[in-house]
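Have a look at the structure below before the remarks.
The values are calculated or read from the model by the stated rules, or taken from the named source; none is laboratory data. Every value quoted in this text rests on a predicted model; they were computed, and no experiment measured them. Ideal geometry is used to build each Cβ from the backbone, glycine not excepted, and the neighbour counts take in all protein chains shown. With ligands, DNA and RNA removed, areas are computed over all heavy atoms of the protein, side chains included. Shrake-Rupley method; radii C 1.70, N 1.55, O 1.52, S 1.80 Å.
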Amino acid sequence: MLKPANVPNYFRAVSQVVSNQLTAGNQAAILPSKSIVYVPYTGTSALALSRALPSGNVSVTTGPAVSTQVRWAHTDITVPDFSAYRKDSVKSPNVRSSDSEDSRKNFTYLIASAFGVGSAYSAKAVVSQFVSSMSASADVLALAKIEIKLADIPEGKSVTFKWRGKPLFVRHRTQEEIQIEQSVPASSLRDPQHDNERVQRPEWLVVLGVCTHLGCVPIANAGDFGGYYCPCHGSHYDASGRIRKGPAPLNLEVPEHIFPSDDLLIVG
Amino acid sequence: MTSNLAKFPLFRTATIRGYAQLAPLGGISSCELKTTVLPNKLVVASSESQSPITRISIVFRAGSRNEASDNLGVTHVLRNSAGLSTKNASQFAIIRNIQQVGAALYATTDREIVSYTLEGPRQAIEKALPFLTEVATQQVFKPWEVSDITNRLLLDIATRPLQLRAIDLVHNAAFRSGLGNSLFIPKSQIGKISSETLQHYVASNFLSGRASVIGLGVDISDLESYAQGLKLETGEGNDTPSPYKGGELRSNKGGNTAFVAVAGEGAALRDAKEALAFAVLQRAIGVGPHIKWSTRDNGLLSKSIGASIDNYASTTFNVSYADTGLFGILIAAPSKSAGSLVETAVKLLKCTKISEEDVTRGKNQLKTSLLLDGESGTHTLQNIGTQTAILRGASIQSPSQIVALVDSVSANDVQCALKKAAKKLTLASIGNLTNVPYLDEIK
Amino acid sequence: MNLLTGLQFSKQFPKKMGFQQTVYNLVFKRTSTMALACVASVFFFERTFDLGSEYFFDKINEGKLWKHIKDKSQ
């Protein structure tokens, strides 16, 4: 509120050093806290000034996506120091960075290659793990071979073993049987095979006890030819395990077998 | 985000031209200007200049002369609010989408008009056009965004060049209110222009009867269909006349230079003949050197000042508004010599006999500058924009048409124009005013 | 950098091909040679790594494995 009595105080332009007992009007003034004052450029030459003088309608243009955009300058933002992350070889301003370029690159690529080597190794391990899962398991492999002591099998007898879940016939043939089988001409057979192709030692016949017809187990020392006879459909095999009569198409299979010594047979 | 913005197939019908007849970058400046007025009184004007750059402008007769004492400075805030979030597009979307296609969007204000202009390559304009619609007609003025531009207002005020302030002052002295309003917000008003004030100003001034849509490098039928889609309130709004009153304003700011504007009443834009006479007079008195490194022109003012005073700059300014105009001399000089220069200028305005030779020189210079300005799309657009917003479709002329009219100006018309200007003078000065005389001191 | 000075400098002091540069040019410069080097080193790495891990496993499990107690049980 202005009181009329105070009005003259507004026209004073002297500061009171010694109070004159008059009540001064409470003039509110805020001193500007500006520290930067912009001085408009007026040109330094008459020509520059002349070019800047408007001679027609004055308009002001501004826009959101044009060059009148103002970026407020911040002077309180310090430039971050990244030297903790920089390599020592490029910190010095007196040394050319290109001098250490190769060694820096080598290091980087070496790390990359190390990862490459590691992943190649792991990849190989993983792949071989999977591939090996396709091969036979250890318990199967453990039963894959069978050792047979030949001394236990008397002449003229056919002994049945279990090998890889299947019956295995080992027959100790007599001299007579050998002669008979040797003399059978291969051309007269359904599945032509000479006896010599089927046995390693003439006195020992090693065949799988699975009928080639439908997989029954033939009976030893039976049938028309004195070898094996399949009771299921009447296939007759001779003493060399060859099909001679009946529906089976093929001879009994001879597994891989070796005779490491005179009285030992290893099948598988 | 932009899916609900209407898209107009504006340039489907654009003619494809062969290389042999490729138009210059600025377009053909002499091409025909077509004008139509829509049922809602919106004026559409277009000139298919074949320029590869298309410019589309939405102009409203809403310049600073429409400000009242309670919303002084609203056009400055409005100008800086161009590009703030609108009904359908965010601030980010507007800037991003326009910059992405390589177009530019800006707002221009003067005492008569507020215009929003989009310019860019033809294909870019088609994509960016919905954002021009948004910025020009769908403003929402979110309060937090409006308050954010306060710093920008302060910067704008702080960086005004003194010659611009001299022009502002001479308007203020000559017209007091209305046309006397500055293009810049007064410091005391900063922070007081609220979102509501802006909305009210836009609602009362951005009306179809006060608006026009201008295109350069656009076919008129395309522009018409675009203009029909604009959602503008119909109406004419209120125009307050702002007659010339005259007076004197001084602002002593120190420094080395004084900027002094001596002015009298000029021609209204509606009076084309008188406006041309004033334009010829302006050139006859001289608008500063055209030649590089020369320090003075060949005009009457330079001649009457003579070679005795050096290191000053002067120009004659001539502005035509809807109902009146301002014509005068603007001098920038070291404070020592400012006094005598102002006296010479006043004397020149008061008692000069314009010779036939001066008129011919003035005509030639006017024609040259009209044609040179006509080659600039921005300039032409602004020129046509002002004409359409004020004259509402009646007798709108392209720069090349105006040139043809210049010859009809006689020496007598020019002399009459000078007489009108000198009838009541206005003086406004800013800078170091130690030696600048008051108006009543000048004999 | 002045191109001319750079040229003169390199003429006066021809750069010696160091170990690092040799390695870089021969191995790491091309992706193909680097991949080849990786594959080649995997053979050695696998051998060393497998033997090494085997050795450490045995050392850690000293006296617990079948091959350690095989002689005693028979």
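One table, with the values for the structure above:
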{"read-out": "Extended-chain gain in nm, criterion 0.36 nm per residue less alpha-carbon gap, B:ASP239 and B:ASN311", "value": "21.6 nm"}
{"read-out": "Set B:LYS350/B:LYS424; B:LYS303/B:LYS363; B:LYS245/B:LYS273 screened for pairs whose C-alpha atoms are more than 20 Å apart", "value": "B:LYS245/B:LYS273"}
{"read-out": "Shielding by partners, peptide A:97-107 (average Cβ within 10 angstrom, other chains)", "value": "4"}
{"read-out": "Accessible area in square angstrom per residue, segment B:248-441, 1.4 angstrom probe", "value": "40"}
{"read-out": "Karplus (6.51, -1.76, 1.60) ³J(HN,Hα), θ = phi - 60°, over segment A:81-98, in Hz, Gly and Pro reported as x", "value": "9, 9, 5, 5, 9, 8, 6, 4, 5, 10, 6, 6, x, 8, 10, 6, 5, 5"}
{"read-out": "Out-of-range pairs (alpha-carbon distance over 29 Å; input A:LYS145/C:LYS67; A:LYS91/C:LYS29; B:LYS187/B:LYS347)", "value": "B:LYS187/B:LYS347"}
{"read-out": "DSSP bridge pairs, the protein assembly as shown: antiparallel proportion in percent, nearest 5", "value": "90"}
{"read-out": "Label point at C:PHE56 placed 7 Å out along Cα→Cβ; residues across segment A:110-151 whose backbone nitrogen lies under 20 Å", "value": "A:114-126"}
{"read-out": "Summed buried accessible area for B+A [probe radius 1.4 Å, Å², rounded to 100]", "value": "3200"}
{"read-out": "Global form of the protein assembly as shown, assessed from the alpha-carbon gyration tensor, a/c cut-off 1.5", "value": "prolate"}
{"read-out": "Separation in nanometres of the label points that stand 7 Å from Cα toward Cβ, at B:LYS350 and B:GLN397", "value": "3.4"}
{"read-out": "Total accessible surface hidden between A and C, rounded to 100 Å², 1.4 Å probe", "value": "1400"}
{"read-out": "Other protein chain Cβ atoms within 10 Å, averaged over every residue that makes up C:39-46", "value": "4"}
{"read-out": "Interchain or long-range residues, amide H under 5 Å from B:LYS245's placed H", "value": "B:PHE175"}
{"read-out": "Solvent-accessible area per residue for segment C:17-73 (1.4 angstrom probe, square angstrom)", "value": "82"}
{"read-out": "B:ASP297, A:ASP238, A:ASP224, A:ASP88, ranked by accessible area, largest first (probe 1.4 Å)", "value": "A:ASP88, A:ASP224, B:ASP297, A:ASP238"}
{"read-out": "Filtered chymotrypsin sites (Phe, Trp or Tyr not before Pro), segment B:220-319: DSSP coil and at most 15 other beta carbons within 10 Å", "value": "B:TRP293"}
{"read-out": "Amide proton proximity set for B:PHE317, modelled H, under 5 Å, gap of 5+", "value": "B:GLY328, B:ILE329, B:LEU330"}
{"read-out": "Residue-wise HN-Hα coupling along segment B:397-405, computed from phi with Karplus coefficients 6.51, -1.76, 1.60 (Hz; x: Gly, Pro)", "value": "10, 7, x, 5, 6, 5, 4, 5, 7"}
{"read-out": "Phi-based couplings in Hz for segment B:149-166 (Karplus 6.51, -1.76, 1.60; Gly and Pro marked x)", "value": "8, 4, 4, 5, 4, 4, 5, 4, 5, 5, 9, 5, x, 5, 5, 5, 5, 5"}
{"read-out": "Shielding score for C:18-24, defined as the mean number of other chain Cβ atoms within 10 Å", "value": "5"}
{"read-out": "Kirkwood Rh in Å, taken over all unlike Cα pairs in segment B:5-228", "value": "18.6"}
{"read-out": "Share of carbon and sulfur in the accessible heavy-atom surface of segment A:158-268 [1.4 Å probe, %]", "value": "52"}
